[in-house]
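Visitor: One structure, pasted below without further comment.
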Amino acid sequence: MQTVTSTSDNTSAIHQFDFWIGDWIVSWGNGATGTNHVSAILDGRVIQENFNGQPAIPLNGMSVSTYDTRLQKWRQTWVDNQQSYIDLIGQFENNQMTLLTVPDDQPIRYRMIFYNITPNEFDWNWEKSDDQGNSWQLQWQIHYQRKFA
């Protein structure tokens, strides 16, 4: 299992999301599949994701993630072809990346968790809380498998 150190050292911290870089086959549910291309851009300071849920679902989206050295946390913005726009913030701890929707005055929160991280696969959960994060319900679980040429 790949281990990434959680640290306040900004040089190391900006590489905490490197496990995600690459081309992936993503699967969920009853064998539905899609793809995800993730790359480091802008001098390696930004992680860009391009998700394609087809043919299983008509969801296409992208995100950009960057390490905020002032907050010592990761920030991500997601947009998609279903008019979603989501801001998330979080960190890498205990060998998993957890990002939560930016707090507001609404009781509903969402979070994503990247876990079971190895060089060639990991799992990802999208979860929802109706009580400001006191309890969570799984909404979508995806397994990532590295795509080899």
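The values are calculated or read from the model by the stated rules, or taken from the named source; none is laboratory data. Since the structure is predicted, the reported quantities are computational estimates derived from the model, not experimental observations. Note: ideal-geometry Cβ built from the backbone for every residue, glycine included; neighbour counts use all protein chains shown. In case anyone asks, the SASA skips ligands and DNA or RNA and just uses the protein heavy atoms, side chains included. Shrake-Rupley method; radii C 1.70, N 1.55, O 1.52, S 1.80 Å.
Visitor: Could you grab the pairs with beta carbons closer than 6 Å, sequence gap of 6+ or different chains, first residue in the stretch 6-26 and modelled with pLDDT of 95 or more, second one part of a strand (DSSP E or B) and among the aromatic types (Phe, Trp, Tyr)?
Guide: Correct list of pairs: Gln16/Phe92; Trp24/Tyr144; Val26/Tyr144.
Visitor: What pairs can you find where one residue is in the stretch 103-126 and under 15 Å from Gly22 (Cα atoms), the other is part of a loop (DSSP other than H, G, I, E, B), and their Cβ atoms are less than 6 Å apart, with a gap of 6+ or different chains?
Guide: Ile117/Gln2; Thr118/Met1; Thr118/Gln2; Pro119/Gln2
Visitor: Count, please, the residues in the stretch 99-145 that happen to be β-branched (Val, Ile, Thr), touching a Phe, Trp or Tyr at 6+ places or on another chain (Cβ under 9 Å) and open to solvent by 30 Å² or more (accessible area, probe 1.4 Å).
Guide: Counting residues in the stretch 99-145 that are β-branched (Val, Ile, Thr), touching a Phe, Trp or Tyr at 6+ places or on another chain (Cβ under 9 Å) and open to solvent by 30 Å² or more (accessible area, probe 1.4 Å) gives 1.
Visitor: Mind checking which residues of the stretch 119-149 are under 16 Å from the mean Cα position of the chain (by Cα) and of a type in the set (D, E, K, R)?
Guide: Glu121, Asp123, Glu127, Lys128, Arg146
Visitor: Give me the residue from the stretch 71-94 that is under 18 Å from Ile47 (Cβ atoms) and assigned to a loop (DSSP other than H, G, I, E, B) and, out of that set, least open to solvent (accessible area, probe 1.4 Å).
Guide: Among residues in the stretch 71-94 that are under 18 Å from Ile47 (Cβ atoms) and assigned to a loop (DSSP other than H, G, I, E, B), the one least open to solvent (accessible area, probe 1.4 Å) is Leu71.
Visitor: Still on this structure, please answer the following. How many residues, within the stretch 110-135, are among the basic types (Lys, Arg) and either modelled with pLDDT under 95 or part of a loop (DSSP other than H, G, I, E, B) (or both)?
Guide: Matching residues across the stretch 110-135 total 0.
Visitor: Identify, please: which residue in the stretch 45-58 is within 17 Å of the chain's Cα centre (by Cα) and more than 20 Å from Lys147 (Cα to Cα) and is, among those, least open to solvent (accessible area, probe 1.4 Å)?
Guide: Only one residue tops the list, namely Val46.
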